[in-house]
Structure formats: structure tokens, C-alpha cells
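Reading through the C-alpha cells given below for one structure.
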Amino acid sequence: MLFSEFFAPTSKDIPSDAKIASHQLMLRAGMISQAASGIYYWLPLAVRVLEKIMKIICEEQDKIGANKVYFTTIQPAELWMESGRYDDYGKEMLRITDRKDGKFLYSPTNEEQATDVFRKYVKSYKGLPTMLYQIHWKFRDEIRPRFGVMRGREFLMKDGYSFASTFEEAEEIYKKVFKSYIRTFKRMGLTPIPVQADSGAIGGNMSHEFQILAQTGESTLYYDKKLLTASDEELMNIFAVTDEKYDPKTSPIPKNELMVSKGIEVGHIFYFGKKYSEPMNAFVLDKNGQKLYPEMGSYGIGVSRLIAAIIEAFHDERGIMWPEHVAPFDVTVLNLHTSNKDCVEICNKIYRALSESKEVLYDDREMSIGEKLGDADLIGIPWQIIVGEKNLSQGFVELKNRKTKEIIKLSVDEVIGRFIGK
Ligand code: P5A
């Protein structure tokens, strides 16, 4: 992609209403733009990161046998009347009336629709267990949308739903999703902290949140320091709770082994048994022809919030430092002297060679050197190949690592060799 053709409206101004680093940087890097309170346009740089995140999520969901579907964003209210949540959900739900006075709502979550699809198609115990998931937009009319896409009103969520014959089978699925979430977040370069949580409006009695440590997080976490060195297998059994659940009088962990940190909730999973299957009459016939109401769970990842959480975890005073697997591009080529024929020729050569196997952003814009270097650090692509006339006249280009800031001089062939066949 040529930067001259790339829609990335970067800016030096720090917007005064943006209080945290991720919100400031997303605006400055031209990733998002506010359309209304808590509602954002997603611009190309952000979309490329969203797509990387979604790819990781989908690959990990495939591995645990979850099926991707799309439920709908607009739902008929009747389903929520059946489950009993229509009135309970309160003002957070955006309620819509169509031209025939039909009652609808914009999905804040899709337990009812997942149950509806299940009951339409699965009639026998042989269809269990089964798992459906989607990545789709949600709307919650939050009282205080804030921190940009961190707490939006419109946001993108991965939401999964499981159906099992017995509690044991449901618990097994819950554990499988738990481990898969740990892998999912680790692949994004993050260190997830799973904590026991309250199940709130989704309901149920087994629930974990997945938190990313960050000073700007809205949750307070209390956890055994063993958690930081535990294996994925051990994680579920180590003490970790949010402030809603923490009681110093009953804490099983001595004070000197207890860690207290702020965190950002990027995922939340729930087991809630028959909370939806029974009232919505979603049943299958068991071996003996008796009605069996499936044991359900639901599993969420805040896909759009993750972008902000990743930036909170990976930035410095100059901008974003994307972890490799979620970076919008693998490498950027900066032509510092666009009027110099040699620079243009070499940049074209590097760009063509690298583009065969890498995602490359080639900064071919006619702009000052300072602006180009500033933009490159701001948007945070992991590697920068910097081509300037002085180095080039001596046969070199520079390769900069955005995170470590290390710069090395390499010949053109060497720099191409670093990325090709890697
Ligand atoms: C689980 C999947 C649910 O909705 N139903 C379907 C369950 N859980 S949840 O905890 O309410 O949300 C799941 C994740 O979505 C993110 N999230 C948000 N992201 C941005 N802005 C918001 N207003 C917002 N609300 C929830 C969180 O990451 C949460 O863990």
C-alpha cells in the first residue's frame, strides 16, 4: 500500500477530551473518528488491526469446534419477552419500533437468538454438544461512554454460545473455552489475567473475566502473585477476583502474596445452565424420548475494546508499538527524499520485493523528514526501513525496530533478505 493512497488522517494535536493514551493515539493516528457519543467511524488503519484480531479469534474458535454464524443486529422484542429479559435490561437497551408498530431492539448481546436458532434445528440429544459464535456489532446505551472505543455504545464483540446435555459436559466446554481464550490473547502479544467474576445481566453461577493489566483499567483486581508465573493449566485454580467479589476478611491469600492492580476487561465467559433454554422452550429428546433442556454458556471478547487495550499495553511517548501479530502492516518503507531518483528507485525495489510475502506500507508522500519519521513512530508498524540520500550514497539503508528503537545499517540486499523467506 502506498501511503499517498492510504486513508490515514494522522494529526499532531492531542484532543482535549481524550483522557487516556489509547484514545489519544487512536485519534492522532487516524484510526477512529467520533460519529456521536460512544459511536465511532473505523478508519483503514484500525480496520486492518481489527481484521488481524478477528483472524486470530476465528482460528482459535475453529480449533475448539465453534461454528461461525451471523445472528442479527436488529432483533424482534418477542424473543426477549420469552426469556424475561426485555424489561429487566432497562435503559441500556436501544428499543426500536418499525413502521407497523412492531417492537425491535438493537442487539446488546445474543443469548436469545442463539437459543432460537438452536431450538429451530436441534431436536435430538445427538445434536449436542454444539457451539455457535459470531463477531458482530452490539449497542448498549451506556450512561457514561468513555475512553473512546474502550467503553463505547456501539462496539464489536465476539460472542459465542454453547449447548450441552449435562452439567459435566457444559463444564468441560467452559474449561475448553477458558483455555482457548488464554491462547487467543497470548497470540495478540497480551498477558491475560483470568479472574472470577459476577455474571451480572447475563446471569448464571460460573463466570470469569479476562483482564489485561493497565493503570487506566476500570476494574481493580486482587490476585495471588503465583498467577503471573502459572501455566495455562493452573490458571483457573489460582485466586483472582475483581473488586466486586473481593472481601479482605475472607481472602485466602496472605497480604504479602496478594497483588492489587488495575485491569481492562477484554473477555468474559459465563455458565448459566438452563436460564434461557427452559423459558424459551428449547429442548431436545434424550435417549429415552424425554425432554432435555440444554445446559448453556456464553463467551464474549471485546474485539473493538481489544485495540485500545493493546495500545494501552504497547505505546511510548512517540506513539503505538504494535505487537507483530496484530500490526496493521509488517513493515513500512520510508522514502525521506522523494525528489532523489536513487531513493525512489531503491524504495520501489524494496517495496516490490517485500510485498510478495509481507504487508508493506510505503511512505512515498512528499513531506518533511520529521513528519514522516513522526508518523511512522505514531502509527507503530513494528519495522521501519528508512531510505535517505546520504546513507544510500554510501550503499546503506536503515532498519529500525519500533519497539526497541534499535537502528542498524544494512545494504539493500541485506534488508530485503531480512524479510524475505522469514
Ligand atoms: C458473553 C457473550 C456478554 O455480553 N453475552 C455474549 C455475554 N458478556 S459481556 O461481558 O457483557 O461483554 C463481553 C465483552 O464485551 C466487551 N464490552 C465492551 N466493549 C466496548 N464497549 C462496551 N460498552 C462494552 N461492553 C462490553 C468487554 O470486553 C466484555 O468482556
Given (1) within 30 Å of Asp159 (Cα to Cα); (2) over 29 Å from the mean Cα position of the chain (by Cα), Ile307 misses just (2)
When you look at Glu171, is it surrounded by fewer than 17 Cβ atoms within 10 Å (Cβ to Cβ) and modelled with pLDDT of 90 or more, yes or no?
yes
Out of the range 133-153, which residues are open to solvent by 30 Å² or more (accessible area, probe 1.4 Å), over 25 Å from Ser277 (Cβ atoms), not basic (Lys, Arg) and not in a loop (DSSP other than H, G, I, E, B)?
Trp137
Out of all the residues in the range 316-355, which are in a strand (DSSP E or B) and buried (at least 18 other Cβ atoms within 10 Å of the Cβ)?
Gly319, Ile320, Val331, Thr332, Val333, Leu334, Asn335
What is the one condition in (1) under 16 Å from the mean Cα position of the chain (by Cα); (2) outside any helix (DSSP H, G or I) that Met296 does not satisfy?
(1)
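Within the range 116-132, does at least one residue satisfy the condition of being charged (D, E, K, R), farther than 30 Å from Glu324 by Cα, in contact with a Lys or Arg (Cβ under 8 Å, 6 or more places away or on another chain) and open to solvent by 30 Å² or more (accessible area, probe 1.4 Å)? Spell out the reasoning first.
Taking the range 116-132 as the starting set, the residues that turn out to be charged (D, E, K, R) are 116, 119-120, 123, 126.
Now restrict to residues that are farther than 30 Å from Glu324 by Cα: 116, 119-120, 123, 126.
Still in the list and also in contact with a Lys or Arg (Cβ under 8 Å, 6 or more places away or on another chain): none.
Checked the range 116-132: no residue is charged (D, E, K, R), farther than 30 Å from Glu324 by Cα, in contact with a Lys or Arg (Cβ under 8 Å, 6 or more places away or on another chain) and open to solvent by 30 Å² or more (accessible area, probe 1.4 Å).
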Would you please list the contacts, defined by Cβ atoms under 6 Å and residues six or more apart or on different chains, that run from a residue in the range 264-290 that is within 10 Å of Tyr125 (Cα to Cα) and in a loop (DSSP other than H, G, I, E, B) to a residue that is modelled with pLDDT of 95 or more and among the basic types (Lys, Arg)?
Phe283/Lys291
Subset tally (residues that are under 21 Å from Ile407 (Cβ atoms), aliphatic (A, V, I, L, M) and in contact with a Lys or Arg (Cβ under 8 Å, 6 or more places away or on another chain)) for the range 319-373:
5
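Residues to consider are Gly300, Gly263, Gly267; find the one that is within 16 Å of the ligand (Cβ to nearest atom), under 20 Å from Ile193 (Cβ atoms), open to solvent by less than 30 Å² (accessible area, probe 1.4 Å) and in contact with a Leu (Cβ under 8 Å, 6 or more places away or on another chain). Don't jump to the end; show me each part of the working.
Values: Gly300 fails: in contact with a Leu (Cβ under 8 Å, 6 or more places away or on another chain); Gly267 fails: in contact with a Leu (Cβ under 8 Å, 6 or more places away or on another chain).
Result: Gly263 is the single residue among Gly300, Gly263, Gly267 that is within 16 Å of the ligand (Cβ to nearest atom), under 20 Å from Ile193 (Cβ atoms), open to solvent by less than 30 Å² (accessible area, probe 1.4 Å) and in contact with a Leu (Cβ under 8 Å, 6 or more places away or on another chain).
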Mind checking which pairs have a first residue in the range 229-241 that is closer than 17 Å to Met259 by Cα and of a type in the set (Val, Ile, Thr) and a second that is open to solvent by less than 20 Å² (accessible area, probe 1.4 Å) and part of a strand (DSSP E or B), Cβ under 6 Å, 6 or more apart or different chains?
Ile238/Asp224; Val241/Val195
Going by the conditions given, is Thr115 β-branched (Val, Ile, Thr), closer than 30 Å to Met26 by Cβ and within 16 Å of the ligand (Cβ to nearest atom)?
no
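Does Ile311 satisfy being within 16 Å of the ligand (Cβ to nearest atom) and either polar (S, T, N, Q) or open to solvent by less than 20 Å² (accessible area, probe 1.4 Å) (or both)? Steps first, please.
Working: within 16 Å of the ligand (Cβ to nearest atom): yes; either polar (S, T, N, Q) or open to solvent by less than 20 Å² (accessible area, probe 1.4 Å) (or both): yes.
So Ile311 passes the test.
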Which numbered condition trips up Met157, out of (1) open to solvent by 10 Å² or more (accessible area, probe 1.4 Å); (2) more than 10 Å from the ligand (Cβ to nearest atom); (3) aliphatic (A, V, I, L, M)?
(2)
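So, Ser4, is that one farther than 30 Å from Cys347 by Cα and not β-branched (Val, Ile, Thr) or not?
Working: farther than 30 Å from Cys347 by Cα: no; not β-branched (Val, Ile, Thr): yes.
Answer is no for this residue.
With the range 1-115 as the region, which helices (runs of 4 or more DSSP H) entirely inside it contain at least 1 residues that are open to solvent by less than 40 Å² (accessible area, probe 1.4 Å) and within 30 Å of Gly273 (Cβ to Cβ)? Spell out the reasoning first.
Numbers: elements: 21-28, 44-63, 77-83, 85-88.
The helices (runs of 4 or more DSSP H) meeting that bar are 44-63, 77-83, 85-88.
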Any pair with Cβ under 9 angstrom, 6 or more apart, that starts in the range 149-173 at a residue that is more than 20 Å from Tyr40 (Cα to Cα) and charged (D, E, K, R) and ends at one that is within 7 Å of the ligand (Cβ to nearest atom) and open to solvent by 40 Å² or more (accessible area, probe 1.4 Å):
none
Select the strands (runs of 3 or more DSSP E) contained entirely in the range 356-422, then report the ones holding at least 1 residues which are among the polar types (S, T, N, Q) and surrounded by fewer than 19 Cβ atoms within 10 Å (Cβ to Cβ).
397-401
One residue is enough: does the range 290-297 have a residue meeting the conditions of a type in the set (Lys, Arg) and within 15 Å of the ligand (Cβ to nearest atom)?
no
So if I check each of Leu392, Leu361, which one is among the hydrophobic types (A, V, I, L, M, F, W, C), touching a residue at least 12 places away in the same chain (Cβ under 8 Å) and farther than 22 Å from His315 by Cα?
Leu392
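The values are calculated or read from the model by the stated rules, or taken from the named source; none is laboratory data. Because the structure is a prediction, the values reported are computed rather than measured. Every residue, glycine as well, gets a Cβ built from its backbone with ideal geometry; the counts of neighbours run over all protein chains shown. For accessibility, only protein heavy atoms count, side chains too; no ligands or nucleic acids. Shrake-Rupley method; radii C 1.70, N 1.55, O 1.52, S 1.80 Å.
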